[in-house]
1. Looking at (1) without any contact (Cβ under 8 Å) to a residue 40 or more places away in the chain; (2) in contact with a helix residue (DSSP H, G or I) (Cβ under 7 Å, 6 or more places away or on another chain), which is the one condition that is false for ASN672?
2. So if I check each of LEU575, LEU539, LEU509, which one is open to solvent by less than 20 Å² (accessible area, probe 1.4 Å), touching a helix residue (DSSP H, G or I) at 6+ places or on another chain (Cβ under 9 Å) and farther than 16 Å from MET436 by Cβ?
3. What helices (runs of 4 or more DSSP H) lie completely within the stretch 329-426 and have 2 or more residues being aromatic (Phe, Trp, Tyr)?
4. Which count do you get for residues in the stretch 728-743 that are open to solvent by 50 Å² or more (accessible area, probe 1.4 Å), at pLDDT 95 or above and not in a loop (DSSP other than H, G, I, E, B)?
5. With respect to the numbered conditions (1) assigned to a strand (DSSP E or B); (2) open to solvent by 60 Å² or more (accessible area, probe 1.4 Å); (3) closer than 25 Å to VAL339 by Cα, which one is the sole condition not fulfilled by ARG767?
6. Mind listing whichever residues of the stretch 132-161 are open to solvent by 10 Å² or more (accessible area, probe 1.4 Å) and of a type in the set (Val, Ile, Thr)?
7. Please determine whether any residue of the stretch 244-259 is in contact (Cβ under 8 Å) with a residue 40 or more places away in the chain, more than 30 Å from GLY373 (Cβ to Cβ) and either touching an Asp or Glu at 6+ places or on another chain (Cβ under 7 Å) or of a type outside the set (D, E, K, R) (or both).
Amino acid sequence: LSLFFIGCDTQNQAKSLSDLINEEEGLTGTPKYLQSPMVTAGNRVYMVGHQDGSFPELGWHIKNEMGGIWDHPIKLMDGISAALTLKNGTQFPLSEATSFTNYPFFNKHTFEWREEEIIIERMQFVPDDNEGILFQYEFMNQGAPKEVILTMTGYSDLRPTWLGERTKMMDGKDQASWDSNKSVWKIKDSLNPWFVMFGSNSPYLSYDESIENPYQGEGTVNAISYKLMLPSGKSSFNFVVAGSYTSESEALTTYDRIHEAYPSLFQQKKERYEQLANQSKLTIPDKKLEQAFEWLKYNCDWLVRKVPEIGTGITAGIPDYPWWFGVDSEYALQGYMAVGQKDAVYSTIKLIDSVSHALNGNGKIIHEMSTNGAVFNSGNINETPQFASLIWKVYQWNGDRLFLETYYPTIEKGLEWLLSENDENGNLFPDGFGMMEIHGMDSEMIDVASYTYKAFLDASKIAETLGKLEASEKYLSLSHQLKEKINNEFWSEANQSYADFIGTDEQALRLIDDAIIRADTLQKPWAVAELKETKAQILRNPSATPRPFVLHHNWVVNTPMEVGLAPTDKALKALQTAEKYVNPFGVFVTGIDRDESAGSDDGSFKGSKVFSYTGAVMTLPTGVQAIAENNYGRPDQALNYLNRMTRSFSYALPGSMYEVSPDYGMMTQAWNIYSYAVPIVEQFFGIRPDAANKTISVKPMMPTSWNNASLEDVAIGDNTLSIFYNRTETQTSIRITQTKQDWNLKVMLNESSADATKIVQGQGTLRVSDDHTIIEAEGGTIEIKITHEIQ
């Protein structure tokens with residue numbers, strides 16, 4: 001027992017965070033989900049606990065260790081706890097909040113000590129680029145002044161991240177020491193220069209380390225008590241946790257900085273988040289979807305992880321995927337670019353490319369990498385072609401030729417590797433795992449084929465831009481061949497769908513047997529019957545050569561429409577077939593898992609105790625479906641899928657959208673922004689940037705319910721574009737503004753009558769081409785009005 005007393009009362013004079021916030025920006029969760037995860041995010045440190053203010057063991061990647069306070073590549077603490085004690089010994093633990101409110105970059109738990117007429121709010125935020133977190137307790141004493149003892153307890157757990165053993169990160173026993181000069185607990189890992197420290201600038205009453213540790217591991221439990229006089233009204237108390245995986249002095253510097261400068265650090269982060277909100281600012285009639293879009297921009301920032309020794313990049317999801325991925329980034333960064341978060345795009349691509357080059361050296365893109373630099377999976381097949389398409393998409397937005405030149409060698413080598421080492425029969429369909437991580441699904445997959453087609457098409461444009469005309473022609477020829485082969489060889493007219501894969505009868509029969517067990521276990525009798533019939537058909541009509549199979553109805557069968565290679569007749573059939581495999585929240589990952597909620601307006605997903613995606617509806621497949629619908633001129637159907645996803649926004653964690661709809665898996669997920677930003681920015685508003693040539697094409701395709709819509713401050717190169725759309729029964733008005741006067745605008749309208757279209761502001765030429773009206777303009781603003789014929 002280490003116990004030390006000083007006889008003093010303290011009235012803490014901490015500046016209240018509540019004076020710095022706009023309460024209207026907060027979203028309060030439901031009581032049902034108080035015992036579910038929340039996150040307080042920063043690019044260096046983040047904290048995962050429960051909405052009720054507690055820190056239970058949670059997560060499966062490192063079992064029971066994905067919660068707490070993390071400073072990647074190490075964990076700092078399992079959590080903290082607090083309790084108030086009156087003079088008479090009555091105690092009130094601050095572990096069962098009555099409400100949780102999430103704000104764009106911080107959050108608040110509310111505790112009510114009704115008997116003593118005290119409301120306590122615990123607010124916390126992580127300053128940008130700091131390895132620490134500030135906790136502020138605000139006391140609203142509605143009764144007479146009273147003296148209390150506040151006991152703060154910290155549960156250290158200095159330990160390595162996932163795959164730490166691969167980089168020789170060995171976990172030692174935590175060693176705690178009390179620094180009486182700084183009034184702070186300092187904890188060091190016995191084998192490493194890993195440190196965490198915590199305390200307050202308020203005078204302390206006592207400290208204690210003789211506390212039993214409720215968590216697993218090598219951590220310590222240390223407490224500090226403070227005597228507080230709570231006046232009638234409001235008072236505040238600050239508590240800081242800071243860490244470092246390199247030195248004690250660095251942790252101490254961070255600790256002091258946060259204590260001293262937290263109001264300005266808070267204000268700086270607040271202003272940065274206001275800028276995030278104003279970029280690609282959406283205003284539409286559906287306020288729930290509008291709010292989801294705004295908060296997804298905040299979610300994007302929550303997922304940026306900076307480890308200076310390795311790099312900075314977006315991570316896949318919290319709590320179990322707080323590290324870097326190839327394919328997750330390849331989807332998500334397209335959305336990040338469309339909402340103006342360019343720095344995260346550039347740093348993530350640089351990180352993924354450099355590690356892929358160092359590990360593979362052949363253009364193959366990695367799949368999953370821990371924050372300590374250890375790569376778990378050197379790459380699935382689809383990630384390499386998707387990298388090429390990501391680079392072309394980003395170039396369209398930034399117009400940076402050096403960017404294109406930097407990553408073209410990776411693309412060139414990757415596409416060579418794709419076909420030379422992964423296409424044994426030479427039919428242009430690479431063999432191997434794509435997005436579906438089902439055992440045995442590693443032959444010729446539809447998503448790999450689709451993304452390979454798109455990669456060659458985009459690589460052709462990249463090569464042409466860089467003056468490599470021979471390569472451009474070769475890539476273009478390969479994309480044409482792939483398009484024809486996919487439509488001929490993957491299409492199943494009987495199933496009105498593209499096939500899951502092309503494989504041998506032997507492989508298909510093995511997969512069917514596995515799928516029957518899966519469907520039977522999930523109690524899907526219709527799926528069992530369908531699979532048995534498919535098996536019987538194969539046995540009745542055997543084939544000595546590989547052929548297409550529709551077995552699982554996996555969401556990836558919709559990728560031909562996502563990349564636009566399907567002809568309209570096949571696309572419309574496949575899109576209609578896909579409608580069978582949805583529930584109120586979106587698209588089933590694996591169609592045979594669909595349940596009785598399919599096609600209805602009620603339903604949810606109950607995950608297993610052992611983490612699994614079986615039976616799941618996910619945001620990525622649903623977003624892909626929205627993009628696919630838009631590609632074939634069906635914005636109302638696309639909006640239907642967005643509305644399904646939006647039902648899961650704030651369903652469990654206010655301000656966020658779970659990976660598995662509505663409330664399972666990662667509580668926030670990077671690729672959600674792909675599922676929203678691409679359909680909204682690039683398709684509904686129709687923004688098609690060509691920054692290199694200072695040209696922006698705009699081809700609006702609004703859902704019928706969006707009569708008034710605007711998208712403001714869309715960053716394209718060094719330009720900024722805004723679109724204001726208004727539609728009435730008799731007239732449609734489109735006003736477009738940009739900050740650069742020397743950029744060209746090309747507005748394409750579905751209306752084919754030039755007589756009905758007038759330029760009412762700005763200068764431009766108007767012509768009819770291919771059943772479209774095209775207005776070409778140069779300058780800051782153009783406004784167009786189209787008169788409708790009333791039927």
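The values are calculated or read from the model by the stated rules, or taken from the named source; none is laboratory data. Here the structure is a predicted model, which is why all the values come from computation and not from measurement. Cβ placement follows ideal geometry from the backbone for every residue including glycine, while neighbour counts extend to all protein chains displayed. SASA here: full protein model, heavy atoms, side chains in, ligands and nucleic acids out. Shrake-Rupley method; radii C 1.70, N 1.55, O 1.52, S 1.80 Å.
1. With respect to (1) without any contact (Cβ under 8 Å) to a residue 40 or more places away in the chain; (2) in contact with a helix residue (DSSP H, G or I) (Cβ under 7 Å, 6 or more places away or on another chain), ASN672 is out only on (1).
2. Matching residue, one of LEU575, LEU539, LEU509: LEU575.
3. 383-398, 401-420
4. Number of matching residues: 1.
5. With respect to (1) assigned to a strand (DSSP E or B); (2) open to solvent by 60 Å² or more (accessible area, probe 1.4 Å); (3) closer than 25 Å to VAL339 by Cα, ARG767 is out only on (3).
6. Those that are open to solvent by 10 Å² or more (accessible area, probe 1.4 Å) and of a type in the set (Val, Ile, Thr): ILE149, THR151, THR153.
7. yes
Table: residues versus (1) modelled with pLDDT under 95; (2) open to solvent by 10 Å² or more (accessible area, probe 1.4 Å); (3) in contact with a strand residue (DSSP E or B) (Cβ under 7 Å, 6 or more places away or on another chain).
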{"position": "LYS364", "(1), (2), (3)": "no, yes, no"}
{"position": "THR371", "(1), (2), (3)": "no, no, yes"}
{"position": "SER378", "(1), (2), (3)": "no, yes, no"}
{"position": "PRO385", "(1), (2), (3)": "no, no, no"}
{"position": "THR410", "(1), (2), (3)": "no, yes, no"}
{"position": "LEU418", "(1), (2), (3)": "no, no, no"}
{"position": "PHE429", "(1), (2), (3)": "no, no, yes"}
{"position": "GLY434", "(1), (2), (3)": "yes, no, yes"}
{"position": "HIS439", "(1), (2), (3)": "yes, yes, no"}
